[in-house]
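S.K.: Have a look at this one before I ask anything.
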Amino acid sequence: MAQSSIEWTEMTWNPTTGCDKVSAGCKYCYAEVMTKRLHSMGIEKYKDGFKVRVHEDALNIPYTWKGSKVVFVNSMSDLFHPEVPLEFIHKVFEVMNNTPQHTFQVLTKRAERLYELHHNLNWTNNIWMGVSVENEQVIDRIDFLRETKIKFLSCEPLIGPLSNMNLENINWVIVGGESGRNPRPMKESWVWDIKLQCQEKEVLFFFKQWGGKNKKKSGRILAGKTYNEMPGINKFSLQH
Ligand code: SF4
């Protein structure tokens, strides 16, 4: 478990590590870069680099947290990666089901596998399930999400317009630009387009960042405002 600087969560929990690239949004994968760094520092958990690994010992961690936490599950991996055994996915869900005091945010790019498995998973109210939608090529991921309970989209890095999203029953949308050394640009018009679609369907909207080479400098103000909407968690105030 680690405190997180990601604006829409509090901490990360990584019962699995490792992944491989599946679509354009993976190009500058943060998890891969971080894994290289942790591997070179000799951290045991990352000894196999970016190969998919499950960590049974990490399953106990949420039981040890005090109070209620908001937790991004698998910031260093993808829980629905084909190499993560179904049995282990069940174990991760069991932990989330048994710790209703915490909110778990699970984000995947393997939406087909999520869809295949969703009937056999226990979707308690503390599990928010998200898919990444970085451009129109992967817009179908939204449909694979529809049968889970609290549903969100991470449109980050937004590298193309998303003019026609079906936001029916989607609860929350996060938008952010790419950061790093060679970030692909995000147009302001794409952000507004998504914002308006959210408004029409009464979907909560969170603007995470503009991104760019200096993401701190470019910040996260959209036309003079910050957009921090999230599904009802008291500790996060909603601002418009
Ligand atoms: S799915 Fe996520 S963790 Fe896996 S390579 Fe792509 S960006 Fe990285």
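None of the figures in this text is laboratory data; all of them are computed from the coordinates on show. What you are looking at is a predicted structure, and each value in this text was computed from that prediction instead of being measured. Neighbour counts run over all protein chains shown; Cβ positions are idealised from the backbone, glycine included.
S.K.: Compute the separation of the alpha-carbon centres of region 152-199 and region 55-112 and state it in Å as a whole number.
M.R.: 25 Å
S.K.: Once R0 is set to 45 Å, what does the formula 1/(1 + (r/R0)^6) return for the Cβ-Cβ distance between Lys91 and Glu202, expressed as a FRET efficiency to the nearest 0.05? Could the numbers behind the result be given before it?
M.R.: Values: r = 36 Å, r/R0 = 0.79.
With R0 = 45 Å, the Cβ-Cβ based efficiency is 0.80.
S.K.: Pairing the Cα long axis of helix 30-40 with the longest principal axis of the chain, what angle in degrees results, from 0 to 90 and rounded to the nearest 10?
M.R.: 40 degrees
S.K.: Projected area of region 73-196, taken from the Cα convex hull and averaged over every viewing direction, in nm²?
M.R.: Projected area, direction-averaged: 8.1 nm².
S.K.: Using the Cα centre as the reference, give the magnitude of the dipole from point charges on the C-beta atoms of region 47-164 (Lys, Arg: +1; Asp, Glu: -1; all else neutral), rounded to the nearest 20 debye. Walk me through the numbers on the way to the answer.
M.R.: Details: 13 positive and 15 negative charges, 76 e Å.
That gives region 47-164 a dipole magnitude of about 360 debye.
S.K.: Ok, one more. Give me a comma-separated list of calculated 3J(HN,Hα) values for region 5-14, in order, Karplus coefficients 6.51, -1.76, 1.60 applied at θ = phi - 60°, integers in Hz, x for any Gly or Pro.
M.R.: 8, 5, 5, 9, 9, 10, 8, 10, 9, 10
S.K.: Do the alpha carbons of any pairs in Lys195/Lys216; Lys47/Lys195; Lys69/Lys187; Lys51/Lys201 sit beyond 32 Å of each other, and which pairs?
M.R.: Lys47/Lys195; Lys69/Lys187; Lys51/Lys201
S.K.: Now a separate question. Work out the charge dipole of the chain with +1 on the Cβ of Lys and Arg and -1 on the Cβ of Asp and Glu about the Cα centre, then indicate which of Ile142, Val33, Leu167 is farthest towards its positive end.
M.R.: Val33
S.K.: For a quick size check, give me the Cα extents of region 188-230 along its three principal axes, largest first, whole Å.
M.R.: Its Cα atoms span 33, 21, 15 Å along the three principal axes.
S.K.: Would you compute, from DSSP H runs of 4+ residues alone, the mean residue ellipticity of the chain at 222 nm, taking -39500 (n - 2.57) per run and dividing by the full residue count, rounded to the nearest 500? Can you show the working numbers first?
M.R.: Numbers: 7 runs with 58 residues, N = 240.
So the calculated ellipticity at 222 nm is -6500 deg cm²/dmol.
S.K.: Suppose every Lys and Arg Cβ carries +1 and every Asp and Glu Cβ carries -1, with no other charges. What dipole size does the chain come out with about its Cα centre, to the nearest 20 debye? Kindly include the intermediate steps, with their values, before the conclusion.
M.R.: Numbers: 31 positive and 27 negative charges, 206 e Å.
Dipole magnitude for the chain comes out near 1000 debye.
S.K.: When the convex hull of the Cα atoms of region 21-95 is projected onto a plane and the area is averaged over all directions, what value comes out in nm²?
M.R.: On the way: hull surface 23.8 nm².
Orientation-averaged projected area of the Cα hull: 5.9 nm².
S.K.: Still on this structure, please answer the following. Once phi is turned into ³J(HN,Hα) by the Karplus curve 6.51 cos²θ - 1.76 cosθ + 1.60 with θ = phi - 60°, what whole-Hz value does each residue of region 123-137 show in order, with x for glycine and proline?
M.R.: For region 123-137, the Karplus curve yields 8, 5, 5, 8, 10, 9, 10, x, 10, 8, 9, 8, 7, 5, 4 Hz.
S.K.: Nearest 20 debye, what's the magnitude of the dipole of region 46-92 about its Cα centre given +1 on Lys and Arg Cβ and -1 on Asp and Glu Cβ?
M.R.: The dipole magnitude comes to about 220 debye.
S.K.: What are the ³J(HN,Hα) values, in whole Hz, obtained from phi via the Karplus relation 6.51 cos²θ - 1.76 cosθ + 1.60 with θ = phi - 60°, for each residue of region 196-209 in sequence order, with x given for Gly and Pro?
M.R.: The phi angles translate into 5, 4, 5, 4, 4, 9, 6, 9, 5, 10, 10, 9, 7, 5 Hz.
S.K.: Å³ per residue of the Cα convex hull, for the chain?
M.R.: Residue-normalised Cα hull volume stands at 121 Å³.
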